[in-house]
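What follows is a short report on a single structure.
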Amino acid sequence: MKKILIIEDDQIIANVYRNKLAVEGYQTEAALDGEGGLKLMRSFQPDAIVLDLMLPKMSGVEVIREIRSEAEFSKLPIIVFSNTYLTNLVQEAWKAGATKCISKINCSPKDFLDLVRHTVGDSGASPQARQKTEGAPKTKPVALAGGNDAAFQADLRKTFIAGLPATLTALRSGLQNLIKSGTEMARLKQIHELYRRAHAVNGNAGLVGLVPIAHMAAALEALLQELYDNPKNINGSTLRTVAAAVDFLGFLFERGTRPEKQEMPAASILVVDDQDISRRAIVYALEKAQLQSVSVEDPNAAFKLLSENHYDLVLLDVDMPGMTGYELCARLRCLPAHKKTPVVFVTVLSDFDNRTSSRMAGGDDFIAKPFLYIELTVKALIHVLRGKLQPVK
């Protein structure tokens with residue numbers, strides 16, 4: 001029998017994948033952190049390792065490096081679960097020696113099983129052994145794993161949705177604790193706690209096929225990781241974005257769980273900024289969420305595009321020659337097609353608290369320059385998904 005070691009800090013996800021493999025005849029073991037995973041690897045001698053990149057005690061990248069440093073395991077296949085929005089970390093995993101990297105958002109239990117088979121082949125268990133595994137006493141997740149994949153995922157989804165009110169309460173409590181934090185150490189502690197909760201929502205939502213929730217949680221997780229690693233980026237703008245993301249997850253928990261709402265919607269975004277570097281940075285941040293955009297430097301050209309086309313979101317620089325972002329926003333609000341189109345102003349941090357002009361011009365939100373790529377990604381996801389899921393009035 002082929003042996004698979006799962007290193008995953010979320011007990012539910014680890015159990016689901018472990019049970020799915022066991023039903024197919026694979027011999028499996030699971031560890032909840034990197035140190036425990038390495039110790040188990042040496043005794044269990046697996047044919048492949050399934051590894052989450054975000055782990056306590058040791059990061060997934062550190063685990064990969066340790067595995068590759070041991071001659072006995074230098075060629076061992078390592079399948080990595082990653083966060084779509086943590087692109088730098090994924091690149092580090094590849095460089096460290098990952099065999100395959102796959103996003104949790106896009107990996108159902110069936111996809112996971114297919115990937116393992118493609119990597120190491122069938123389990124090697126005889127039909128009799130598989131029948132014995134299927135007939136053995138099991139916990140509820142194992143029993144479900146042996147049935148129809150769609151029914152299995154539907155049952156997991158039902159359980160996940162039932163727990164969303166408690167999840168939202170915990171997220172909001174963590175946000176309040178972050179806002180009240182009086183020292184940098186206390187603030188980092190609360191950011192890390194919020195990060196762990198977003199990480200769990202991302203993994204579990206991806207597991208049960210709730211795609212918009214998984215995307216939003218993954219983007220928030222990546223933003224919190226950035227703030228934890230670089231505390232100098234904690235400011236009024238980034239904290240406002242974290243708060244908006246937590247609030248929007250509440251919206252998604254209520255309206256984003258219907259089966260017909262599980263595709264990421266196509267969106268068209270207009271970026272208006274007279275500085276080339278700033279435009280390119282914004283477009284890059286949008287591409288992280290696979291959001292398509294059109295960028296222009298001239299506000300008059302932008303108004304012409306707005307007069308002729310539909311956009312789901314408009315990102316405006318405030319200070320532009322010929323027409324300010326405030327003036328352009330006031331004009332676009334006169335266009336019937338854009339009376340309610342979300343408008344996000346991009347302004348320097350020193351002006352971030354001066355919002356009167358923005359509100360009077362009809363803007364919906366703000367982000368401060370210099371912005372973090374992932375902060376803008378989170379902001380864009382919030383507005384695009386809200387517009388697609390909110391009923392038209």
Based on Cβ point charges of +1 for Lys and Arg and -1 for Asp and Glu, what charge dipole magnitude is obtained for the chain about its Cα centre, in debye rounded to the nearest 20? 1020
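Roughly speaking, to the nearest percent, how much of the stretch 241-299's 1.4 Å accessible area is carbon and sulfur?
45
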If the chain between ALA244 and GLU184 were fully stretched, how many nm would it gain, using 0.36 nm times the residue separation less the Cα-Cα distance? 19.5 nm
With every protein chain kept in place and ligands, DNA and RNA left out, what is the accessible area per residue of the chain? Probe 1.4 Å, answer in Å². 45
Would you mind counting up the charge near ARG280? Only other residues with Cβ under 15 Å from its Cβ, with Lys and Arg at +1 and Asp and Glu at -1. -3
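Is there a quick way to get the dipole size of the stretch 32-118? I mean about its Cα centre, with the Cβ of Lys and Arg at +1 and of Asp and Glu at -1; what is the value in debye to the nearest 20?
Numbers: 11 positive and 11 negative charges, 28 e Å.
That gives the stretch 32-118 a dipole magnitude of about 140 debye.
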Which Cα, out of PRO342, THR159, ASN202, lies furthest along the positive dipole direction of the chain (beta carbon charges, K/R +1, D/E -1)? THR159
Loop-located chymotrypsin sites (Phe, Trp or Tyr not before Pro) in the stretch 1-93 whose Cβ has at most 12 other Cβ within 10 Å (DSSP): none
Name the GluC sites (Glu not before Pro) in the stretch 162-264 that are in a loop by DSSP and that have at most 12 other C-beta atoms within 10 Å, would you? GLU263
Let me cross-check TYR373: its accessible surface, 1.4 Å probe, with only protein heavy atoms counted, in Å² to the nearest 10? 100
Using θ = phi - 60° and Karplus 6.51 cos²θ - 1.76 cosθ + 1.60, couplings along the stretch 324-338 (whole Hz; Gly, Pro as x): 6, x, 5, 5, 5, 4, 4, 6, 5, 5, 7, 7, x, 6, 10
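Where in the stretch 1-103 are there trypsin sites (Lys or Arg not before Pro) that are in a DSSP coil and have at most 12 other Cβ atoms within 10 angstrom of their Cβ? Walk me through the numbers on the way to the answer.
Values: sites: LYS2, LYS3, ARG18, LYS20, LYS39, ARG42, LYS57, ARG65, ARG68, LYS75, LYS95, LYS100; in loops: LYS2, LYS57, LYS75.
Sparse-neighbourhood loop trypsin sites (Lys or Arg not before Pro): LYS75.
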Accessible surface ranking that places the most exposed of CYS101, CYS329 first, with a 1.4 angstrom probe: CYS101, CYS329
For the stretch 180-253, with only Lys/Arg (+1) and Asp/Glu (-1) charged at the beta-carbon, what is the dipole magnitude about the Cα centre, in debye rounded to 20? 180
Explain nothing, just compute: Karplus ³J(HN,Hα) = 6.51 cos²θ - 1.76 cosθ + 1.60, θ = phi - 60°, for every residue of the stretch 56-71 in order, whole Hz, x for Gly and Pro. x, 6, 9, 6, x, 5, 5, 5, 4, 4, 5, 4, 5, 7, 9, 3
Phi to ³J(HN,Hα) by Karplus 6.51 cos²θ - 1.76 cosθ + 1.60 over the stretch 181-194, Hz, x for Gly, Pro: 4, x, 10, 5, 4, 5, 5, 5, 4, 6, 4, 5, 5, 5
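Got a sec? What order do LYS369, LYS339 fall in by accessible area at 1.4 Å, biggest, i.e. largest, first? Each step should come with its number before you reach the end.
Numbers: LYS369 40, LYS339 120 Å².
Largest accessible area first, the residues go LYS339, LYS369.
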In Å, the C-alpha Rg and Dmax of the stretch 170-316 are 17.4, 51
Spherically averaged projected area in nm², based on the convex hull that wraps the Cα atoms of the chain: 20.8
Tell me, what is the 1.4 Å probe accessible area of THR257, in Å² to the nearest 10? 20
Scoring only Lys, Arg, Asp and Glu (+1, +1, -1, -1) among other residues with Cβ under 12 Å from the Cβ of LYS95 yields +1
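The values are calculated or read from the model by the stated rules, or taken from the named source; none is laboratory data. Everything numeric in this text was worked out from a predicted model, so none of it was measured. No Cβ is skipped: glycine too gets one built from the backbone with ideal geometry, and neighbour counts run over all protein chains shown. These accessible areas exclude ligands, DNA and RNA; they are computed on the full protein's heavy atoms, side chains included. Shrake-Rupley method; radii C 1.70, N 1.55, O 1.52, S 1.80 Å.
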